[in-house]
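The structure appears right after this line, and notes come after that.
The values are calculated or read from the model by the stated rules, or taken from the named source; none is laboratory data. Not measured: the values here are computed from a predicted model. Cβ placement follows ideal geometry from the backbone for every residue including glycine, while neighbour counts extend to all protein chains displayed. When the accessible area is computed, the model is the full protein with side chains, heavy atoms only, and any ligands, DNA or RNA have been set aside. Shrake-Rupley method; radii C 1.70, N 1.55, O 1.52, S 1.80 Å.
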Amino acid sequence: DAPMRYTLDELLNGETYQIYISAVNEIGQGPAATVTVDIPLIPYSLEVGGVAVTEENMNDVLGDGTVSFDPDTMTLTLNNARISVTEGNYGVRSKTHLTLKLVGENSIACSGVYGFHSTDDVNVIGSGSLDITANDVGIYIAGGYEVGGLYLYDDVTLNVTSGNVTSGNSYGVRVDDVLEVRENATLTATAGTAPERSCGIYAYDEFNVYDNAVVTATGADQS
């Protein structure tokens, strides 16, 4: 007989899984065989539009000249990029500290949970703009105490929108540590409806806005 195949989707990079397999026929189910699978951590701990950033593609991540990565400075540059994700939970996913440089007009559209997700600090620089739309959370910086901050500098413009959800929370921007919007930066964050919490901006530790920065937040609840 031909071998049977099954594809497991959405396994997380850097995680270990135990997979149980058993045969079932008209008599019943047989004993399960167990296999341990280690999913390797992606190089640079960074994904853009579902594409893992590697040494081979870092100069042109998406193959259209709009996204590049410099590992020496940990800088991800978006240059008039249009990032669209229809499958998976992340538009951009980072597991390390990151500088996001914006050139021109950029967008991230994600039908999954997070438009931009990081577990460490993110600095946003440049003179460009970035529009982000996602289902549950537009931007989630989820590091926790001492890491997981979002810092906007220069003349950057972020427009972030999360959708209407039927369970849980909807956040435009959620930051587990410090959120800072510095001189001349603009942040607009809009949350959809949600049964538990709807926040345009939620900053767990500190939220600092400096001279000439512009901040607009829209949601049923504000924190």
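Observations on the structure shown:
- Here the dipole of the chain is about 440 debye; that uses its Cα centre as origin and unit charges on the Cβ of Lys and Arg (positive) and Asp and Glu (negative).
- For the range 106-112, 3J(HN,Hα) computed residue by residue from phi via the Karplus equation (6.51, -1.76, 1.60; θ = phi - 60°) reads 10, 8, 10, 10, 10, 7, x Hz, glycine and proline entered as x.
- Identified option (computed volume of the Cα convex hull per residue in Å³; candidates [x] 158; [y] 123; [z] 136): [x]
- Accessible solvent surface per residue of the range 15-101, calculated while the other protein chains remain in place, 1.4 angstrom probe, Å²: 59 Å²
- Isotropically averaged projected area of the range 1-126, using the convex hull of Cα atoms (one quarter of hull area), nm²: 10.7 nm²
- Taking only protein heavy atoms and a 1.4 Å probe, the accessible area of the chain is 46% carbon and sulfur.
- Value of Rg to Rh for the range 156-208 (Rh from inverse mean 1/r over Cα pairs, i.e. Kirkwood): 1.02
- GNM top mover of V53, V124, V35 - the chain, alpha-carbon springs below 10 Å: V35
- Range in the chain, longest, excluding exposed GluC sites (Glu not before Pro) [loop by DSSP; at most 14 other beta-carbon atoms within 10 Å]: 88-145
- Translational diffusion coefficient (Stokes-Einstein; Kirkwood radius from C-alpha pairs) of the range 99-223 at 37 °C, 0.692 mPa s, in µm²/s: 237 µm²/s
- Remark on G144: its backbone amide H falls under 5 Å from those of D176, D177, a criterion applied only to residues 5 or more positions apart or on other chains, H modelled at 1.01 Å from N.
- With a simple spin-label model that places each label point 7 Å from the Cα along the Cα-to-Cβ direction, the separation between D60 and Y204 comes to 4.0 nm.
- Among beta bridges identified by DSSP and lying wholly in the chain, the antiparallel ones come to about 20 percent.
- GNM remark for the chain: springs join alpha carbons under 10 Å apart, and the peak mean-square fluctuation among T193, T54, T36 falls on T36.
- Cut-off of 10 Å, at most 10 other beta carbons, DSSP loop: longest stretch of the chain lacking such chymotrypsin sites (Phe, Trp or Tyr not before Pro): 7-144
- Considering only alpha-carbon pairs that sit under 8 angstrom and 6 or more positions apart, the relative contact order computed for the chain is 11 percent.
- For the range 158-175, 3J(HN,Hα) per residue [Karplus equation, 6.51 cos²θ - 1.76 cosθ + 1.60, θ = phi - 60°, Hz, x = Gly/Pro]: 10, 10, 10, 9, 10, x, 7, 10, 9, 8, x, 10, 10, 10, x, 10, 10, 10
- Computed from backbone phi, the HN-Hα couplings of the range 113-124 come to 6, 10, x, 9, 10, 9, 10, 8, 4, 10, 9, 10 Hz, rounded to whole numbers (Karplus: 6.51 cos²θ - 1.76 cosθ + 1.60, θ = phi - 60°; Gly and Pro given as x).
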